[in-house]
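J.: One structure is given below, represented as structure tokens, and several questions about it will come after.
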Amino acid sequence: MGQQKETNNLNVQTIWEKGVTCFLNEDDKGSILNFEKLLLLIDKKNPKYSAALFYIGHSYRVILKSEGLTSVEADRMFECYTAYLSFPLTIFNVETNKGVEDFLERKKKNRPANNVKKWKDSTD
């Protein structure tokens, strides 16, 4: 049992590092992929959980500006950012949280209908 937990911790750390590396290298799709995997492996009480939600939301935000998002991807962006904001303590500062809140408010007002194939919005 101890070795399994140790292996899981190593996997979590590896996936976390891959996600952060992708994020820093502006590989938004890689970042989303790794952080989505991470969410399946860690408890919501782990501080990396809320950070992963932020990174997923932010990566989708970048893709919204560059390529556009499908309705499903937009839903996931809103879901992750909203879940991130629900955590009482985050590793980010209050200004970041306010920026996310403002972004969500603006984008929810301007979001097109679900039948739109891709939603591209170059404004932030």
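The values are calculated or read from the model by the stated rules, or taken from the named source; none is laboratory data. All values reported here derive from a predicted model rather than from experimental measurement. Cβ coordinates were reconstructed from backbone atoms using ideal geometry, including for glycine residues, and neighbour counts include every protein chain displayed. Just the protein is used for accessible areas: all its heavy atoms, side chains included, with ligands, DNA and RNA removed. Shrake-Rupley method; radii C 1.70, N 1.55, O 1.52, S 1.80 Å.
J.: From 22, 80, which residue is in contact with a helix residue (DSSP H, G or I) (Cβ under 7 Å, 6 or more places away or on another chain) and open to solvent by less than 10 Å² (accessible area, probe 1.4 Å)?
T.: Unique residue meeting the criteria: 80.
J.: Residues to consider are 50, 59; find the one that is of a type in the set (S, T, N, Q) and either in contact with a Pro (Cβ under 9 Å, 6 or more places away or on another chain) or at pLDDT 95 or above (or both).
T.: From the options 50, 59, the qualifying one is 59.
J.: Let me ask something else. Is at least one residue of segment 58-73 within 24 Å of residue 88 (Cα to Cα), open to solvent by less than 70 Å² (accessible area, probe 1.4 Å) and touching a Ser or Thr at 6+ places or on another chain (Cβ under 7 Å)?
T.: Yes, there is a match, as at least one residue in segment 58-73 is within 24 Å of residue 88 (Cα to Cα), open to solvent by less than 70 Å² (accessible area, probe 1.4 Å) and touching a Ser or Thr at 6+ places or on another chain (Cβ under 7 Å).
J.: Looking at segment 83-108, which of the residues that are open to solvent by 100 Å² or more (accessible area, probe 1.4 Å) and closer than 26 Å to residue 120 by Cβ is modelled with the lowest pLDDT?
T.: Going through the qualifying residues, I end up with 98.
J.: Still on this structure: Could you pull out every one of the helices (runs of 4 or more DSSP H) wholly within segment 5-124 that has 3 or more residues that are of a type outside the set (Lys, Arg) and free of Cβ contacts under 8 Å to residues at least 24 places away in the same chain?
T.: Per the criteria, 28-41, 71-86, 94-110.
J.: Test residue 124 against the criterion of being of a type in the set (Asp, Glu), farther than 20 Å from residue 51 by Cβ and modelled with pLDDT of 85 or more, and give yes or no.
T.: Criteria not met by residue 124.
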